[in-house]
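This report concerns only the one structure given below.
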Amino acid sequence: MIERYSIPEMSEIWSTESRYSRWLEIEILAVEARMEAGLVPREDFERIRANASFDPGRVAEIEETVRHDVIAFLTSVSESLGPESRHIHYGMTSSDVLDTCLATQIRDSGSLLMRELMNLGEALKGLAGRTRGVLCMGRSHGMFAEPTTMGLKFAGYYSEFLRVKKRLSAGLESACVGKVSGAVGTYAYLDPSVEEFVCGKLGIGREQVATQVVARDRHADFMYALASVGGMLERLGTEIRHLQRSEVGEVEESFGKGQKGSSAMPHKRNPIVSERLCGLARMLRGYLVPSLEDTALWHERDISHSSAERFLFPDACGIALYMLRKSVDLVEGLRIFPDRAMELVRAAGDRFYSQSLLLALIDRGVSREKAYRIVQDVAMESMERDSGFLEVAGRDPSVTELISEDEMASICTLEYHLRNENSTLDRLGLVDDLK
């Protein structure tokens with residue numbers, strides 16, 4: 001994770017010092033479990049608990065020779081102890097330490113991520129509240145479609161937040177499991193009670209059926225949850241970027257005093273946070289692919305996953321947290337321009353009433369195909385002649401013989417596009433919160 005996007009709390013979780021500290025705690029807990037079972041003298045355990053330590057520099061030095069990080073670590077720990085060191089790593093394999101440690105790192109990272117995700121949810125709720133009733137043009141294919149409200153627009157992101165929260169919770173539950181079951185997961189030299197004790201003390205789950213490793217599809221669940229966080233934030237960033245374009249101008253990212261938008265053009269105020277979110281979301285999706293590919297290992301284990309995971313988890317967790325923090329600031333500081341939004345509704349003309357007229361004709365008994373043809377002809381003439389849609393419709397006998405001018409005016413109103421906003425927000429539990 002490059003320094004520009006690093007957040008210290010997350011970086012610490014994935015630091016070498018933190019990893020070794022977690023390894024040591026797992027080893028000591030395994031000794032404690034065996035002590036409780038009467039297999040390790042209490043005095044030996046107490047010496048281990050009091051004195052066991054490691055020296056990162058010494059671990060690196062030993063690894064230069066042994067080419068095995070866990071063995072190098074265990075050798076450094078043994079140098080801090082006397083004969084009682086024989087109880088360390090008894091009946092265990094490297095992945096008992098590595099995968100159980102990884103579960104605790106994912107758990108702690110997930111705690112930071114979930115807290116920031118909840119902050120984003122509150123920010124989105126606030127944004128939906130302050131834009132409720134703000135009429136704007138809805139667009140499909142980038143073209144004016146029918147009016148909607150900004151409240152509905154941003155409530156959609158709150159709805160997606162709720163789904164992402166469920167995915168992240170499920171991904172954490174799936175990935176936060178350890179194993180202390182030995183070389184190929186058979187508990188040949190360790191009773192399953194040791195694993196139960198260690199994982200219980202660490203506050204993580206246990207792999208149901210381990211090989212030499214925790215199954216990697218569990219980690220892919222978590223990585224998919226992070227990718228979906230990125231997908232949500234990219235969708236939000238893309239929307240803001242479009243709405244901030246000069247010819248739209250309905251919203252704008254906050255622009256701090258002293259901030260600069262361009263090295264050459266002093267007038268520029270660019271949606272840089274939204275653009276950054278879009279770029280980093282591509283990274284999160286990219287990390288999902290090797291995570292999925294890591295699920296297929298040879299027999300009980302190979303280490304084709306190991307090198308990839310040294311990048312995957314620290315970087316993906318770090319990027320996701322950075323994106324969430326930036327998105328909270330983005331949403332809370334987003335400037336809304338209701339007058340400009342309404343100006344664009346007026347600029348769209350009145351052709352967006354085409355569906356109102358289409359349905360009115362159908363209600364009069366006209367077939368859908370014929371009604372569509374009538375209304376499309378009216379709309380195309382209005383567009384080609386740069387005339388009002390209702391003006392052209394009022395001259396078309398196919399329309400006027402069925403629908404009077406007064407009735408047409410009563411059904412072609414903006415209120416139709418606002419009338420169900422509250423019921424939609426109520427489905428998300430937002431109406432009471434926004435009062």
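Coordinate-derived values only; no laboratory data. These numbers were taken from a predicted model, which means no experiment stands behind them. FYI the Cβ positions are ideal-geometry reconstructions off the backbone, even for glycines, and counts take in every protein chain you see.
Residues TRP298, TRP14, arranged from fewest to most other Cβ atoms within 10 angstrom of their Cβ, appear as TRP298, TRP14.
For the chain, what does the relative contact order come out to in percent, with C-alpha contacts under 8 Å and a separation of six or more? All intermediate terms of the calculation are to be shown ahead of the outcome.
On the way: 585 pairs, mean separation 75.7, N = 435.
Reported as a whole number, the value is 17 percent.
Put +1 on the Cβ of every Lys and Arg and -1 on every Asp and Glu Cβ in the stretch 1-131; which of LEU117, GLY129, VAL59 then has its Cα farthest towards the positive end of the dipole? Selected residue: GLY129. If R0 is taken as 35 Å, the Cβ-Cβ distance between GLN259 and GLU391 corresponds to a FRET efficiency of 0.15. With a threshold of 29 Å on the Cα-Cα distance, the over-threshold entries among LYS201/LYS326; LYS165/LYS326; LYS257/LYS326; LYS125/LYS257; LYS166/LYS257; LYS153/LYS370 are LYS201/LYS326; LYS166/LYS257; LYS153/LYS370.
Peptides 176-188, 386-398, ordered by how many other C-beta atoms sit within 10 Å of their residues on average, highest first, read 176-188, 386-398. For ALA296 and THR186, the FRET efficiency from 1/(1 + (r/R0)^6), where r spans their Cβ atoms and R0 equals 25 Å, is about 0.70.
Sorting ILE2, ILE403, ILE303 from the fewest to the most surrounding beta carbons within 10 angstrom yields ILE2, ILE303, ILE403. Considering only VAL328, VAL289, VAL31, the Gaussian network model of the chain with Cα springs below 10 Å gives its largest mean-square fluctuation to VAL289.
Label-to-label distance for SER193 and ILE2 is 5.4 nm, based on points extended 7 Å past Cα in the beta-carbon direction.
Dipole of the chain computed with +1 at Lys/Arg Cβ and -1 at Asp/Glu Cβ about the Cα centre; of GLN105, ALA72, LEU202, farthest Cα towards the positive end is GLN105.
Mind running the shape call on the stretch 331-419? Use the C-alpha gyration tensor, a ≥ b ≥ c as the square roots of the eigenvalues: rounded below 1.5 for a/c, prolate if a/b tops b/c, oblate otherwise. Prolate.
In this simple spin-label approximation, ALA50 and VAL66 carry label points 7 Å from Cα along the Cα→Cβ vector, and these lie 2.6 nm apart.
Between GLU234, GLU146, GLU195, where does the largest GNM mean-square fluctuation fall for the chain, given springs only between Cα atoms within less than 10 Å? For the chain, modelled as a Gaussian network with Cα springs under 10 Å, the answer is GLU146.
With contributions of -39500 (n - 2.57) from each DSSP H run of at least four residues, the per-residue ellipticity at 222 nm computed over the chain stands at -20500 deg cm²/dmol.
The alpha carbon gyration tensor of the stretch 3-87 gives principal lengths a ≥ b ≥ c with a/c of 1.5 or higher and a/b no greater than b/c, which makes the shape oblate.
Simple point charges give the picture: +1 on the Cβ of Lys and Arg, -1 on the Cβ of Asp and Glu, and for the chain a dipole about the Cα centre of about 740 debye.
Panel order for TYR353, TYR20, TYR90, by other beta carbons found within 10 Å of each beta carbon, from fewest to most: TYR90, TYR20, TYR353.
Could you give the size of the charge dipole of the stretch 346-434 about its Cα centre, using +1 on the Cβ of each K and R and -1 on the Cβ of each D and E, expressed in debye and rounded to the nearest 20? Don't skip to the answer; put the middle values down first.
Values: 10 positive and 18 negative charges, 60 e Å.
With only Lys, Arg, Asp and Glu charged at Cβ, the dipole is about 280 debye.
Label separation (THR238 vs ARG285): 0.8 nm, computed from points 7 Å beyond Cα along the C-beta direction. Among the listed values (1) 0.97; (2) 1.04; (3) 1.17, the one matching Rg/Rh (Cα atoms, Kirkwood Rh) as calculated from this structure is (3).
Hey, for a label at LEU402 modelled as a point 7 Å past Cα toward Cβ, could you say which residues of the stretch 352-374 have their backbone N under 16 Å away? Of the residues in the stretch 352-374, 354-374 have backbone N under 16 Å from the label point off LEU402.
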